[in-house]
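Novice: This is the structure I want to talk about, given as structure tokens.
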Amino acid sequence: MRFSHINQDHKEHGHKHHRHRSVRRHKNGHRHASMRRNGGRRRVFDAAELRLVLLHFISTNPKHGYDLIRAIEEHSGGSYAPSPGVVYPALSMLEDIGFISAQQEEGGKKAFSITPDGESELQTQSETTSSLLQRLESLASEHGRLNPAPVKRAMENIKTALRNRMTQSDATDATALDIAAIIDEATHKIERL
């Protein structure tokens, strides 16, 4: 299902220079917003649907990109976690059309909040939003086998945190040793599970 309101609102606000980029993101969303099932790929949301789901989760309280990935993952019972490569372009699109605003925080992270226009869009799309959330819940109820999605998401978080910390100007050999000790401790705990 496509949300013409989002696209129409985007055009009305004169964001012509973003139109080509949003089309590319749309295709990107179709390609990546999917989950593995029985060895193949199944699309969970198209790009417009994912934007609406993200808007819903942001509406409860401000969230970072990875908070949103975790919220969707938890709502699906661990069956589906959208990739950062899909989520962040969708958040940029929502910000471009004025449905969310971003607050820069320490460490370069952004917390996203819903705007009055975003709240209005959610009200307009309430039935569709409810249907999309039910889709996530049905994934959770279908989920009967071990799904590695939460572990994969956590591994991506670690990689991002490591990359960010090790490239900061105050990182030293002692920093690297402390990080290695934390990883070693986590490894031993996982082995004892």
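The values are calculated or read from the model by the stated rules, or taken from the named source; none is laboratory data. If you're wondering where the values come from, they're calculated on a predicted model, not measured in any experiment. Surface accessibility is based on the protein's heavy atoms, side chains included, excluding ligands, DNA and RNA. Shrake-Rupley method; radii C 1.70, N 1.55, O 1.52, S 1.80 Å.
Novice: Accessible surface of E185 in the full protein assembly, 1.4 angstrom probe, to the nearest 10 Å²?
Specialist: Rounded to the nearest 10, that gives 100 Å².
Novice: Let me ask you something else. Past the 18 angstrom mark, what percentage of all C-alpha to C-alpha distances in region 88-131 do you count? Working shown, then result.
Specialist: Details: 336 of 946 pairs.
So the portion of pairs separated by more than 18 Å is 36 percent.
Novice: Checking the table K63/K189; K152/K189; K110/K189 against a 23 Å threshold on Cα-Cα, which pairs fail?
Specialist: The answer is K63/K189; K110/K189.
Novice: Next up: Once amide H atoms are placed 1.01 Å from N in the peptide plane, what residues at a sequence separation of 5 or more from I100, or on another chain, have their amide H within under 5 Å of its amide H?
Specialist: Under 5 Å from the amide H of I100 lie the amide H atoms of E95, T115, each far enough along the sequence or on another chain.
Novice: Whole-Hz Karplus ³J(HN,Hα) for region 65-71, in order, using 6.51 cos²θ - 1.76 cosθ + 1.60 and θ = phi - 60°, x for Gly and Pro?
Specialist: x, 6, 4, 5, 4, 5, 4
Novice: Using a 1.4 angstrom probe on the protein heavy atoms only, could you order I182, I69 from most to least accessible area?
Specialist: Details: I182 110, I69 5 Å².
My answer, sorted largest first, is I182, I69.
Novice: Order M166, M155 by their accessible area, 1.4 angstrom probe, all chains in place, largest first. Present the calculation step by step, with values, prior to reporting the outcome.
Specialist: Details: M166 85, M155 110 Å².
Greatest to least solvent exposure: M155, M166.
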